[in-house]
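One structure below.
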Amino acid sequence: MFSKFEEVRIIAARAQQIAAGAPLLLREDEIPSGLSDPVELAKLEYKLGRLPVYIERK
């Protein structure tokens, strides 16, 4: 479970990757028509559990 601050950081980092041309981790049928905003795409990837993210806390 991530804190809301960690979630925001994860989504922001992924949105930057998408904006820079990284391939999406979504299938074509999962992307709503007309959706092209990197932040919204990153949120969708996060919501669907497609981001392989691990956070190590000390």
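Nothing in this text is a laboratory measurement; each read-out follows from the coordinates by a stated rule. Everything numeric in this text was worked out from a predicted model, so none of it was measured. Note: ideal-geometry Cβ built from the backbone for every residue, glycine included; neighbour counts use all protein chains shown.
Whole-percent P(r), segment 4-47, all Cα pairs, 10 Å bins from 0: 30, 57, 13. When only Cα pairs below 8 angstrom with a gap of at least 6 residues are kept, the chain shows a relative contact order of 40 percent. Shown here for the chain: chymotrypsin sites (Phe, Trp or Tyr not before Pro) in loop regions (DSSP other than H, G, I, E, B) with at most 15 other Cβ atoms within 10 Å, namely PHE2, TYR54.
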